[in-house]
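Each remark here refers to the structure printed beneath this line.
The values are calculated or read from the model by the stated rules, or taken from the named source; none is laboratory data. Everything numeric here is computed off the predicted structure, so don't read it as measured data. Cβ placement follows ideal geometry from the backbone for every residue including glycine, while neighbour counts extend to all protein chains displayed.
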Amino acid sequence: MILPILEYPDKRLRTVAKPVEKINDTVNTLIKDMFDTMYDAPGIGLAATQVNFHQTIIVVDVSDNQNEPICLINPEIIDRSGEIESEEGCLSVPSYYENVKRADNITVKSLDQNGDVVEIDVSGMLAVCIQHEIDHLGGILFIDHLSKLKQKRLKKKTQKKSKQL
């Protein structure tokens, strides 16, 4: 099922997600719906927060053919190194792209859909995407990494857009 994606400046995007206590059918259905929503958007990552479920779940797939889905439950970055600056966009901030600096290499510890602990080392675009989605779980948007001036401009632009609707 395709879920509605919250859009900035919706206050619910600032909600800090809670850890998943138990992986059950409800959680697995949410994960399937999150993948469907992400692919339909189309996007390369989605956090549960963006679809108004405030649990620590992210889905990502940076492959060209959308055939390398990754689901991370209760993800935490346990190591980071290097720095990469790349252009980011967000399904919750449509049609807005800016360069953001992030770690180039990260190690993430999480649960998979079976409840098993997994640890993955990733770099480049996948590392950027995972960091972006983990930020969402803490109520942080990629625009929070921008200068105050750019944030102010975006806020004005979105307020003007919402008045036109």
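So Thr29 ticks every box in (1) under 13 Å from the mean Cα position of the chain (by Cα); (2) β-branched (Val, Ile, Thr); (3) surrounded by fewer than 18 Cβ atoms within 10 Å (Cβ to Cβ); (4) over 22 Å from Thr107 (Cβ atoms) but one. Which box is left unticked?
(1) is the only condition that Thr29 fails.
Among (1) in contact (Cβ under 8 Å) with a residue 60 or more places away in the chain; (2) assigned to a helix (DSSP H, G or I), there is one condition Lys160 misses while meeting the rest; what is its number?
It is condition (1) that Lys160 fails.
Those residues that are acidic (Asp, Glu), in a strand (DSSP E or B) and either more than 17 Å from Ile84 (Cβ to Cβ) or under 15 Å from the mean Cα position of the chain (by Cα) (or both), I need them from the stretch 110-132; list them, please. First the steps, then the outcome.
So the first thing to find is which residues in the stretch 110-132 are acidic (Asp, Glu), and the list is 112, 116, 119, 121.
If we keep only those that are in a strand (DSSP E or B) as well, we get 119, 121.
Selection gives Glu119 alone.
Give just the number: which of (1) outside any helix (DSSP H, G or I); (2) over 23 Å from Ala48 (Cα atoms); (3) free of Cβ contacts under 8 Å to residues at least 24 places away in the same chain does Gln151 not satisfy?
Of everything listed in (1) outside any helix (DSSP H, G or I); (2) over 23 Å from Ala48 (Cα atoms); (3) free of Cβ contacts under 8 Å to residues at least 24 places away in the same chain, Gln151 misses just condition (1).
So, Ile44, is that one more than 18 Å from Pro75 (Cα to Cα) and touching a residue at least 12 places away in the same chain (Cβ under 8 Å) or not? Break it down stepwise before answering.
Numbers: more than 18 Å from Pro75 (Cα to Cα): no; touching a residue at least 12 places away in the same chain (Cβ under 8 Å): yes.
Judged against the criteria, Ile44 is not a match.
Do you know which residues across the stretch 7-50 are within 18 Å of Gln131 (Cα to Cα) and touching a helix residue (DSSP H, G or I) at 6+ places or on another chain (Cβ under 7 Å)? Can you show your working first?
Pass one, the stretch 7-50, residues within 18 Å of Gln131 (Cα to Cα): 13-19, 34-35, 38, 43-50.
Matches in the stretch 7-50: Leu13, Thr15, Ala17, Met34, Ile44, Gly45, Leu46, Ala47, Ala48, Thr49, Gln50.
Among the candidates Gly139, Gly124, single out the residue that is out of contact with any His (no Cβ under 6 Å at 6 or more places or on another chain) and surrounded by 15 or more Cβ atoms within 10 Å (Cβ to Cβ).
Working: Gly124 fails: surrounded by 15 or more Cβ atoms within 10 Å (Cβ to Cβ).
Answer to the selection: Gly139.
In this structure, is Ser110 within 19 Å of Val59 (Cβ to Cβ) and of a type in the set (S, T, N, Q)?
On the way: within 19 Å of Val59 (Cβ to Cβ): yes; of a type in the set (S, T, N, Q): yes.
Considered against the rule, which asks whether it is within 19 Å of Val59 (Cβ to Cβ) and of a type in the set (S, T, N, Q), Ser110 comes out as yes.
Find the strands (runs of 3 or more DSSP E) located wholly in the stretch 17-109 whose residues include 3 or more that are under 26 Å from Lys161 (Cα atoms) and at pLDDT below 95, and list them. Outline the logic, then answer.
Working: elements: 45-47, 57-60, 70-81, 84-90, 93-102.
In the stretch 17-109, the matching strands (runs of 3 or more DSSP E) lie at 93-102.
If I filter the stretch 100-122 for residues that are in contact (Cβ under 8 Å) with a residue 40 or more places away in the chain and touching a Gly at 6+ places or on another chain (Cβ under 6 Å), do I get at least one hit?
no
Which residue pairs have Cβ atoms closer than 9 Å, lie 6 or more positions apart in sequence or on different chains, and pair a first residue in the stretch 13-37 that is free of Cβ contacts under 8 Å to residues at least 60 places away in the same chain with a second residue that is acidic (Asp, Glu)?
Pairs that qualify, where the first residue is free of Cβ contacts under 8 Å to residues at least 60 places away in the same chain and the partner is acidic (Asp, Glu), are Phe35/Asp61.
Looking for whichever is crowded, with 16+ Cβ neighbours inside 10 Å, of a type outside the set (Val, Ile, Thr) and within 23 Å of Ile120 (Cβ to Cβ) here; the options are Gly82, Gly43. Which one fits?
On the way: Gly82 fails: crowded, with 16+ Cβ neighbours inside 10 Å.
Result of the check over Gly82, Gly43: Gly43.
For Gln131, work out the one condition from (1) touching a helix residue (DSSP H, G or I) at 6+ places or on another chain (Cβ under 8 Å); (2) surrounded by 20 or more Cβ atoms within 10 Å (Cβ to Cβ) it doesn't fulfil.
(1)
Mind counting the residues in the stretch 50-60 that are over 11 Å from the mean Cα position of the chain (by Cα) and farther than 19 Å from Thr26 by Cα?
Here is the first cut: in the stretch 50-60, the residues over 11 Å from the mean Cα position of the chain (by Cα) are 52-55.
Filter once more, keeping what is farther than 19 Å from Thr26 by Cα: none.
Total meeting the criteria: 0.
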